[in-house]
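Below is one structure, written out as structure tokens; the observations come after it.
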Amino acid sequence: QVQVVESGGGLVQPGGSLRLSCAASGYFFSIGIMGWYRRTPGKQRELVADITTSDRTNYADSVKGRFTISRDNAKNTVFLQMNSLKPEDTAVYYCNVKTPRFDAWGQGTLVAVSE
């Protein structure tokens, strides 16, 4: 009923930029907080950033000042602008969409930061 699809991942050089997009579609009454998580092998999934319906944002310390999360409520879409990328940002990034009844997750998009 609800689909969450990420896009925009890829290979980028250190110091470069990438913009991730996540669109929620299907049937749901409303969407609350939307966020981005990431996972690397051997590590727990970690919150990168999230954003409320009123555009209040929250960032992991490791990305603060470099990443910017935003959303378009009319399009049920959340974005993650990633600047000054570092090799340690390499991960699979997952979009999380909260609804009144459940959380929906995307399948992930790979971000690889390397020369």
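Observations, loosely collected:
- Taking all Cα-Cα distances within the chain, those exceeding 22 Å account for 27%.
- For LYS43, the lysines whose Cα comes closer than 24 Å to its Cα, not counting residues fewer than 8 places off in the same chain, are LYS64, LYS86, LYS98.
- Working note: Karplus 6.51/-1.76/1.60 with θ = phi - 60° gives region 3-15 the couplings 10, 10, 10, 8, 7, x, x, x, 9, 9, 6, x, x Hz, where Gly and Pro are set to x.
- Estimated distance in nm for a label pair at SER114 and ARG19, the labels positioned 7 Å out from Cα along Cα-to-Cβ: 2.6
- Under the convention that each Lys and Arg Cβ holds +1 and each Asp and Glu Cβ holds -1, the size of the dipole of the chain around its Cα centre is about 160 debye.
- Put a dot 7 Å past the Cα of ASP72, heading toward its Cβ, do the same for PHE29, and the two dots end up 2.7 nm apart.
- Pairwise label distance in nanometres, GLU88 with ASP55, each label 7 Å out on the Cα-Cβ vector: 3.1
No value in this document is a laboratory result; all are computed from the given coordinates. None of the values given here were measured: they were computed from a predicted structure. Quick reminder, even Gly has a Cβ in these numbers, built from the backbone with ideal geometry, and neighbours come from all protein chains shown.
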